[in-house]
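Down below is the structure, laid out as structure tokens.
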Amino acid sequence: MSTDPAIFRAVRPPLPLIVSSPSGAGKTTLTSRLRQAIPSIRFSVSHTTRRPRPAEEDGREYHFVDRRRFEELIAAGEFLEWAEVHGNLYGTSRRELEAAQGLRGIIFDIDHQGARQIKCAEPDAVGIFILPPNMATLLERLRGRASEDEDTVQRRFRVARQEIAHYGMFDYVLVNDDIDEATEQLVSIFRAEECRRRRAARLAEELLSEGRDLTRTAH
């Protein structure tokens, strides 16, 4: 058996990485930087019943479906997790994990409700919660979104405080004070989790088997 990286990935399933944060904490930027640092990571594309925004494309930002189709997928057990948020349904298809086979990891960009469901379905998943350095900075970041009025900003700020209250269910808590340092921490978490014994156990056993075969051949 060869031990090149491609074979390593073949015997090791992709690392499921749950990344969650309140709006304005920098999650989108950090996950994009993680994928730049480690290209062999897939970004899970969720299903939703909300209407696409002008710049969005079906299958890129979301899989856009109507409520009837979404409910059919629920009934068929197609989702790892799903929830209703602000009157729209959002869910993560089990096929996203299948599509990530052969890669190093898959990122789930979901809230604490979805994180709890994915942890239940995939106990090996690693949860990371991203915090702003302080609430004043978070509010400033939310106000920096020119497309949102003050009422929307205040609503998002209230929801952010509720989301932060669930930090305790995640494996890691990362403070995004400096984007470069936070990126380095996120990449380090991913690489460290790849090295956990349980994730490399199958490869280790394959190497032991290979060693036994070579010993028999030598004799």
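No lab work stands behind these numbers, since they all come straight from the coordinates. Keep in mind that this is a model prediction, so the values were computed, not measured. Because the Cβ atoms are built from the backbone with ideal geometry, glycine has one as well, and the counts that use them run over all protein chains shown.
Things to note:
- Taking a Cβ cut-off of under 13 Å around residue 198, the surrounding Lys, Arg, Asp and Glu residues balance to a net charge of +1, with basic ones at +1 and acidic ones at -1.
- Span-like helix check, the chain: qualifying full DSSP H segments, with Cα axial length of 20 Å or more and mean Kyte-Doolittle of -1.0 or more, are 179-194, 197-218.
- For residue 106, the residues whose amide H sits under 5 Å from its own are 15, 17, 42, ignoring neighbours fewer than 5 places away on the same chain, with H placed 1.01 Å from N.
- Shape index of segment 45-99: Rg/Rh, with Rg the Cα radius of gyration and Rh the Kirkwood radius from the inverse mean 1/r over Cα pairs, equals 0.95.
- Residues with amide H under 5 Å from that of residue 130, placed H, sequence gap 5 or more: 20, 21, 174
- Counting every C-alpha pair in segment 130-219, the share spaced more than 16 angstrom apart comes to 71%.
- Note on the chain: the C-alpha convex hull projects to 14.3 nm² when averaged across all orientations.
- Of 66, 178, 151, the one that fluctuates the most in a GNM where the chain has Cα springs shorter than 10 Å: 151
- Loop-located GluC sites (Glu not before Pro) in segment 104-187, at most 15 other Cβ atoms within 10 Å (DSSP): 148
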